[in-house]
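Peer 1: I'd like to ask you about the structure that follows.
None of the figures in this text is laboratory data; all of them are computed from the coordinates on show. Quantities reported herein were computed from a predicted structural model and do not represent experimental measurements. Please note: Cβ atoms are built from the backbone with ideal geometry, for glycine as well, and neighbour counts cover all protein chains shown.
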């Protein structure tokens, strides 16, 4: 089910009741389907039912409040009522929040869109290599391939370091 379908579905009282009775966790991921693979789970945003009708939204490190501010979830015995009020949401609000946060998750300097560009460049390089092309400097050619795919600002800063190392390795 796509994020949009999920956001619409949970507004239906019957589906909402089904989710709240039988579902304990959902994951939203903004990596395009054609690039989802072994590593794409790193960009998951989790919606977890913490108590009846109350859902938490988190990435691998943080909980999110309605204003997309982050907080650390302590052990259950240490969670205050103020924490629960701030970081627990209705199912509809949790799905909406997760859909807004998912495209902004940064892992190892890559957004979901950046990860997709990385994977696309890797596939292009693999095809070129499998076709028998030889590279004087594979890493530099990889950087140039990613640059040709119009990467986002997070990836551009990562590429700068990769380019510098590739050029140093060439010396």
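Peer 1: Using a basic spin-label model with each label point 7 Å from the Cα along Cα→Cβ, how many nm lie between residue 129 and residue 41?
Peer 2: Label-label distance for residue 129 and residue 41, simple model: 2.4 nm.
Peer 1: Sticking with this structure for a sec: Is it possible to state the helix-based mean residue ellipticity at 222 nm for the chain, with each DSSP H run of 4+ residues giving -39500 (n - 2.57), the sum divided by total residues, to the nearest 500 deg cm²/dmol? What is it? Could the numbers behind the result be given before it?
Peer 2: Values: 7 runs with 82 residues, N = 171.
Mean residue ellipticity, 222 nm, calculated: -15000 deg cm²/dmol.
Peer 1: Also, I was wondering about something else. Give the peptides 133-141, 85-93, 55-63, 71-79 in descending order of average Cβ contacts within 10 Å, highest first. Show your work: numbers first, answer last.
Peer 2: Details: 133-141: 12.6, 85-93: 17.3, 55-63: 19.0, 71-79: 9.8.
In descending order of packing, they fall as 55-63, 85-93, 133-141, 71-79.
Peer 1: Which values of log₁₀ I(q)/I(0), to two decimal places, follow from the Debye formula for the range 112-170 at q = 0.12, 0.13, 0.18, 0.25 Å⁻¹ with a uniform point scatterer at every Cα?
Peer 2: Log10 I(q)/I(0), no solvent term: -0.27, -0.32, -0.60, -1.03.
Peer 1: If you wrap the range 77-144's Cα atoms in a convex hull and average its projection over all directions, what's the area in nm²? Intermediate values should be presented prior to the final figure.
Peer 2: Details: hull surface 31.6 nm².
Spelled out: convex hull of the Cα atoms, projected over all directions, averaged, 7.9 nm².
Peer 1: Tell me, what is the percent relative contact order of the range 3-104, built from C-alpha pairs under 8 Å that lie six or more residues apart? Before the final figure, lay out the partial values.
Peer 2: Numbers: 137 pairs, mean separation 29.3, N = 102.
Rounded, it is 29 percent for the range 3-104.
Peer 1: Which Rg and Dmax, in Å, describe the Cα atoms of the range 3-104?
Peer 2: Reported Rg and Dmax, both Å: 13.6, 42.
Peer 1: Next question. Any chance you could give the angle, 0 to 90 degrees and rounded to 10, that helix 138-147 forms with the longest Cα principal axis of the chain?
Peer 2: 60 degrees
Peer 1: Taking 0.36 nm per intervening residue step and subtracting the Cα-Cα distance, what contour gain separates residue 61 from residue 168 on full extension?
Peer 2: Numbers: separation 107, 0.36 × 107 = 38.52 nm, distance 3.45 nm.
Result for the pair: 35.1 nm of gain on full extension.
Peer 1: Of the labelled options (i) 32.2, 104; (ii) 47.6, 131; (iii) 20.2, 65, which one gives Rg and Dmax of the Cα atoms in Å as computed for this structure?
Peer 2: (iii)
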